[in-house]
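One structure below.
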Amino acid sequence: ILLFPIPAWAQTGFLPGPDQLQVGIAPLTPTSMSLIKVYTPTLVPATTGPSMCVEQTFTVTGLKTTDTIFVNRPEAANGVFPSISGQASMTSARVKAADTLAINFCNSRTATASNASGPYTVFAIRTP
């Protein structure tokens, strides 16, 4: 059980005077999170044209539309950043349909930009 201080005025709804500050303790309630799955699909995104954003879809077996996801590009582990390497930026990701990952790539440059191919890391948080 994690504990954190609760001011006495928060328990009563009245703001205290300077001589009445007190600290109470209340337990934190655990969340209903039950499962975190990690997928490492090897993706080969298409290039992104100049001054545009494009959503691309990929098959990742096991993803559900109710999952909350976080995606890391393959070069993130090596400290390579898209703005330095001439690649498009990955601006968002979502589960578009069951087993379908959608990633939005944006290119603010005046030339076509590549997108990193390789093992992406997808963290899926699944609640009951």
Residues within segment 92-123 that are touching a Gly at 6+ places or on another chain (Cβ under 9 Å), modelled with pLDDT of 95 or more and assigned to a strand (DSSP E or B), tallied: 0
Unmet criterion (only one of (1) closer than 21 Å to LYS37 by Cα; (2) polar (S, T, N, Q); (3) surrounded by 13 or more Cβ atoms within 10 Å (Cβ to Cβ)) for THR127: (3)
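The values are calculated or read from the model by the stated rules, or taken from the named source; none is laboratory data. Source: prediction; values computed, not measured. Here the Cβ is made from the backbone with ideal geometry for all residues, glycine too, and neighbour counts use every protein chain on show.
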